[in-house]
Structures are given as C-alpha cells and as structure tokens.
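Worksheet: one structure, shown below.
The values are calculated or read from the model by the stated rules, or taken from the named source; none is laboratory data. Since the model is a prediction, treat every value here as computed from it, not as a measurement. Here the Cβ positions follow ideal geometry from the backbone for every residue, glycine too, while neighbour counts run over all protein chains shown.
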Amino acid sequence: MLSGLARRTGASPAQLTLLLACLALAAYAGFFLLGDPALLRMLIWFAGAALVHDLVLFPAYSAADRALVAAARGHVPLINHIRVPALGAGLALLMFWPGIVRQGGDTHLAATGLDQAPYLAHWLGLTAVLFGLSALVFLVRVAVARLRR
Amino acid sequence: MRFAVPTVRFRSPLRGPWLTSVLGVTLLVALPLVIVTGLLDYLAYGPGQSIPGDVGLLHLPATDWPSRPSWLFQVTQGLHVGLGMVLVPVVLAKLWSVIPKLFVFPPITSPAHALERGTLLLLVGGILFEIVTGLMNIQYDYAFGFSFYTAHYIGAWVFIAGFVSHAVIKLPIARKALRSRSLRAELRIPVSATVQEESDGPDGLVAPDPAPPTMSRRGALALVGGGAVFVAAITAGQTIGGPLRDLAVLLPRGRSTFPVNRTAVAAAIQPAATGTAWRLALAGPTARTLTRDDLAQLGQHTARLPIACVEGWSTVQDWTGVRLRDLAALAGVPSPASAFVESLDDGPFGRATLSGGQVLNPDAMLALQVNGTELSPDHGYPARVIVPALPGVHCTKWVRSITFRAA
C-alpha cells in the first residue's frame, strides 16, 4: 500500500512527510504576517528576488560571458584575466548597490551623519585595482612563458 | 514521451553533481552559523523587546542574554552579518550550478515533485530575500517599504523551511556525488584536461553537448573561494576594526573608527535639553534627580568595552561613567530585577529594558566620557548607557531617566 502511495505521489512516505512539514513551517511563519499592511510588498520582494536572479541577473552575466569568450576567441588565459576582475567588480556593485547609486541617502545620513558621496569613486577605484592586478599577473605570465620558450 | 520544446541550452562543461555538491556542502556547513547567530540576535534584544513581537514558537528557547563575555554580541552579530556577506558569492555560484533545473520540462512530474518545487521556491526566494534585505539594511536603504526586522526574521524561517527539506532530500545525492571524484585529484586538473562529469540523466546538470572548457574545476572553485575572500577583505573591517577598517571602502562603517548610530539631529535632541537644564531622574524607593555635576561627583569607573550593532559593525572604546549598580543602590534597589531606561529621543529605540544581570555587571555603566573626553552629542551627551554584550541599539543615548525595579 505504501509503495502504491509512493508510485502515485512520486516520493517515499518519509520524503512526503518532510516536504509537507517544511511547507507547514513556512505557512506557520507566514501566518504572523497576516494583517501586516506591507505583506504584499514582502511577497513581491520575495518572489521578485528569485525572478530577478533567474530571469535578469543570470541571463545578463551569461550573455556577457558568452560575448567575452567569443571576443577572446578561445584565448583562455586572457578570458579569465578579464572574467575574474569583472566578476569581482560586478559582485561588489551588486552587494553595495545602494551606496554606489546613492539610494537611501536620508536614512544613511540620519544613521551615520555621513553622505553617500564616496562610494561610487571607491567602487571605481576597487574595479581599477582588480583589473590592474589581473593585468599585472597576465603580463607576468606572458613574460614567464616567453622566457621558458 | 518527451516533447521538443525551445529550451535554453546550458553548455558549461563544469556543471555537474560533484561541483554542485561541493558548493552545497559548503553552504550546508556555513549557513547554519548564519541562521543561529541571527536567531541569537532576536534573543539578545531581550524579552518583550524583540522585533517582531509575536512569533509564536519561532524562536530559540528564551533565556536572559548574558553580559559576559563583553565581546559576545560583537562576535555573534559580526558573524551573522559578516559570514552572511562572505557567502554571497558561494550562493550565486550554487545557483549558477543548478540553473538548468529551473528550465526542466515538464516542470512538474508528480505531486511530490510539485511539493519539492514549492520548497525550492522557499529556498531560493528565501536566501535571496534574506541577502537583499540584509544588505540593504546595513546600507540604510529602505526602498522595500516594509519593516526590515519583521521581514528578515519571518523570511529567515521561510528560508529555514526550504533549507531543511532541501538538505535532507539532497544529502544522499550529494554524498554519492562527492564520492564520485576526489577533491585532491580534481585540484590538480588544469583547464586543458578538464572534461565534463559523468552524465546524470536527461534532466541532469551535466551538459549533453558541452562547450570547450575555458576554466578548470580548480579554477572555478578558486574563483568562488577568491570571491568569498574578496568580500571578507572589504567587509570584515567594520567588525574587526584595525587596519582592515580602511579596506571596508563600500560600507558606511568603514569610514570611521568610532561610528555614530543615529545622530543627535536625527533624534531631534534639542541643545537646550542637554545643557545645564538636563537632569537624570532615578526612579525607585528612594527616587533621585541628579545634575550632570552630581553624576561626575559619584565614583567613576572606566572600562574598555566593545559596542556592537545589529548591522554587524562594532568598535571598542574606553568608557568612563557611573556604574549602573551604584545608581540602582542610590535609587534604593541594590539588586534590581530590571531597569527601564528612557532617552530624550522619542524614536523607536528611545527606551530599553535591561535585565538584573546586565545592570549588576561591574562594567555596566551610565557613561559620561569616552576615551577621556566628554561624550559628543552624537554619541549621547550628556549620558549614555553602555552594557557589555548588549546590542548597541539598547545602549541608550541621551538618557533622561532610569527606573530600577525590584524582583
């Protein structure tokens, strides 16, 4: 009978119980938001975070990477010497977006007594350092390879 | 029967169960630390003061937050925010590694599969929601327009639900995948010798027609690990301080060795209210009203203590002032069960209740000075509470009254 259940549902009773228990936990947590006037906004940001990642961020960085690979014509070391600093700069931009694009200036000022002016320049500087270091390592690698030849 | 549908083609030769499992197990080990330290923060706010208020059973067993060691909250909250940020590149890499699963067709094959996909939405939506709200909060960006505390706390439990079911269901698969190749051997394979993992089925992670490799698995792991080190390098300074603080160039708390949280202007503290007219009201059986000179006449205590914020940053300073336990004795409650502190600030954190243990800690004080000079207006002049291991937001500034309550 249990194996019949498993065949009909696609999972073992233990797995089904686990899935249902975890969904129940999430529903129980969500229960404490009922009546919160901002509930809809929370749901939009929750689903939006996943959708923006899957349908915007992922396609965008994949397309950029494909373009890079095509432009570098299979020159593997060169690809990675661009890829690595670009990912580092992109990660920093993504994580520290609010400061870099100056979003939330009033609350930032109230909390810290400081404005958001320096972050963009800091990010540009950080990006320059990442690409600069990568270029340096690339040149050293090229030089070493030539010496060995 | 399978239908030919226009699908996205995933051609990276690196995707496969082994790589996904390495990333997954990393998160399986590290994320519980972020979760537990986050739940501890809820406790650290103290009974009746945690936000959101009513969470039913969704909290760690209630206990009085200790005031020893003094660096306790600095470590737990620094770890919560710091490790949370360091794991962002690992989370993104993990999502990259499993993205083909998102486009599997048909999307649902059985009732259980539908349930599992539901828990995956909790997992992926949950982790991204926690990362986004957490990162925005530490940068004081509230564009989301809801209570950060409520959303981040409830969101955490939704994520926990997805995380537990995913970990339990996938652990056997991950174990098998990790055994399929040796990490040590993998770390010796250069890009030229990199080939895809063994096929894991028609809807698997391994690309059926992989593109030529442009990176080895060693390189991919180094890239993710390097990303984590990079994030650590530009964020750890806000918690650890020292020379690392200068590297935290994108964080508000990398810009000062003694950051301000909520300025006197933002709290609408009127200079007239903190001048000679200021009085400290002590409530208890022998209620007192003290001027600042009266306070300065009392026995002064100096201690080097960290002050740590829920946003993960902290700073260690030399505080000087009157011990809270001396003030409690003065008010006629030598062994208080609690103390209720009120500020001139009418804002949401303009009051806090301290436990008896926190009041009686010999380093807990109403500070008048920091580093040998008077407190500045932004740091709480004329007087502020400083209690070891207490969340900074409860180290009330611009104190106007303290009510000591007996057991």
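Within region B:58-109, the set of residues being more than 16 Å from B:D41 (Cβ to Cβ) and more than 14 Å from chain A (Cβ to nearest Cβ) comprises B:R68, B:P69, B:S70, B:F105. Inclusion of B:K101 among residues that are touching a residue at least 40 places away in the same chain (Cβ under 8 Å), surrounded by fewer than 17 Cβ atoms within 10 Å (Cβ to Cβ) and assigned to a helix (DSSP H, G or I) is warranted.
Only one entry of A:A49, A:A86, A:A72 meets the criterion of being crowded, with 17+ Cβ neighbours inside 10 Å, more than 9 Å from chain B (Cβ to nearest Cβ) and either under 21 Å from B:W96 (Cβ atoms) or free of Cβ contacts under 8 Å to residues at least 12 places away in the same chain (or both), and that entry is A:A86.
Suppose we filter B:A273, B:A267 for residues that are within 14 Å of another protein chain (Cβ to nearest Cβ) and either among the acidic types (D, E) or surrounded by fewer than 22 Cβ atoms within 10 Å (Cβ to Cβ) (or both); which single one remains? Walk me through it before giving the result.
Values: B:A273 fails: within 14 Å of another protein chain (Cβ to nearest Cβ).
So the residue among B:A273, B:A267 that is within 14 Å of another protein chain (Cβ to nearest Cβ) and either among the acidic types (D, E) or surrounded by fewer than 22 Cβ atoms within 10 Å (Cβ to Cβ) (or both) is B:A267.
The rows are residues; the columns are (1) assigned to a helix (DSSP H, G or I); (2) closer than 18 Å to B:Y153 by Cα; (3) under 24 Å from the mean Cα position of the chain (by Cα); (4) modelled with pLDDT under 95.
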| position | (1), (2), (3), (4) |
| --- | --- |
| A:L19 | yes, no, no, no |
| A:L33 | no, yes, no, no |
| A:F46 | yes, yes, yes, no |
| A:L57 | yes, no, yes, no |
| A:G74 | no, no, no, yes |
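State all residues of region B:368-390 that are out of contact with any helix residue (DSSP H, G or I) (no Cβ under 9 Å at 6 or more places or on another chain) and within 14 Å of chain A (Cβ to nearest Cβ); if no residue qualifies, say none. Matches in region B:368-390: B:S376, B:D378, B:H379, B:G380.
For (1) under 21 Å from B:T239 (Cα atoms); (2) at pLDDT below 95, each residue gets a yes or a no:
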| residue | (1), (2) |
| --- | --- |
| B:G48 | no, yes |
| B:Q77 | yes, no |
| B:L83 | yes, no |
| B:V88 | yes, no |
| B:I99 | no, no |
| B:F105 | no, yes |
| B:S110 | no, yes |
| B:H113 | no, yes |
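I need the full set of residues from region A:1-20 which are of a type in the set (S, T, N, Q), surrounded by 12 or more Cβ atoms within 10 Å (Cβ to Cβ) and more than 8 Å from chain B (Cβ to nearest Cβ), in order please. Steps first, answer last, please.
Applying the first criterion (of a type in the set (S, T, N, Q)) to region A:1-20 yields A:3, A:9, A:12, A:15, A:17.
Subsequent filtering for residues that are surrounded by 12 or more Cβ atoms within 10 Å (Cβ to Cβ) retains A:9, A:12, A:15.
A:S12 - this is the single residue of region A:1-20 that is of a type in the set (S, T, N, Q), surrounded by 12 or more Cβ atoms within 10 Å (Cβ to Cβ) and more than 8 Å from chain B (Cβ to nearest Cβ).
Test A:Q103 against the criterion of being within 9 Å of chain B (Cβ to nearest Cβ), in contact with a Lys or Arg (Cβ under 8 Å, 6 or more places away or on another chain) and modelled with pLDDT of 95 or more, and give yes or no. Taking the combined requirement at face value, the residue does not satisfy it.
Look at (1) within 8 Å of chain B (Cβ to nearest Cβ); (2) over 21 Å from B:R253 (Cβ atoms) and you find that A:L139 fails only one, number (1).
Each row is one residue, and each column tells you yes or no for (1) more than 9 Å from every other protein chain (Cβ to nearest Cβ); (2) β-branched (V, I, T); (3) over 30 Å from the mean Cα position of the chain (by Cα).
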position: B:P111; (1), (2), (3): no, no, yes
position: B:A151; (1), (2), (3): no, no, no
position: B:V158; (1), (2), (3): no, yes, no
position: B:V164; (1), (2), (3): no, yes, no
position: B:L171; (1), (2), (3): yes, no, no
position: B:E186; (1), (2), (3): yes, no, yes
position: B:Q196; (1), (2), (3): yes, no, yes
position: B:A207; (1), (2), (3): yes, no, yes
position: B:T214; (1), (2), (3): no, yes, yes
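Do we have B:G134 as under 14 Å from the mean Cα position of the chain (by Cα) and either more than 7 Å from every other protein chain (Cβ to nearest Cβ) or under 24 Å from B:G82 (Cβ atoms) (or both) here?
On the way: under 14 Å from the mean Cα position of the chain (by Cα): yes; either more than 7 Å from every other protein chain (Cβ to nearest Cβ) or under 24 Å from B:G82 (Cβ atoms) (or both): yes.
Yes, satisfied.
Count of region B:132-151 residues, restricted to those that are surrounded by fewer than 20 Cβ atoms within 10 Å (Cβ to Cβ) and out of contact with any Pro (no Cβ under 9 Å at 6 or more places or on another chain), is 4.
Is it true that B:R188 is part of a helix (DSSP H, G or I) and either surrounded by fewer than 18 Cβ atoms within 10 Å (Cβ to Cβ) or without any contact (Cβ under 8 Å) to a residue 24 or more places away in the chain (or both)? Write out each step before concluding.
Working: part of a helix (DSSP H, G or I): no; either surrounded by fewer than 18 Cβ atoms within 10 Å (Cβ to Cβ) or without any contact (Cβ under 8 Å) to a residue 24 or more places away in the chain (or both): yes.
The answer is no for B:R188.
In region A:21-36, the residues that are within 16 Å of B:V168 (Cα to Cα) and more than 7 Å from chain B (Cβ to nearest Cβ) form Cβ pairs under 9 Å with partners that are surrounded by fewer than 18 Cβ atoms within 10 Å (Cβ to Cβ) and at pLDDT 95 or above, at six or more places apart or across chains, as follows: A:A21/B:V164. As for region B:150-172, it holds no residue that is part of a loop (DSSP other than H, G, I, E, B) and among the polar types (S, T, N, Q).
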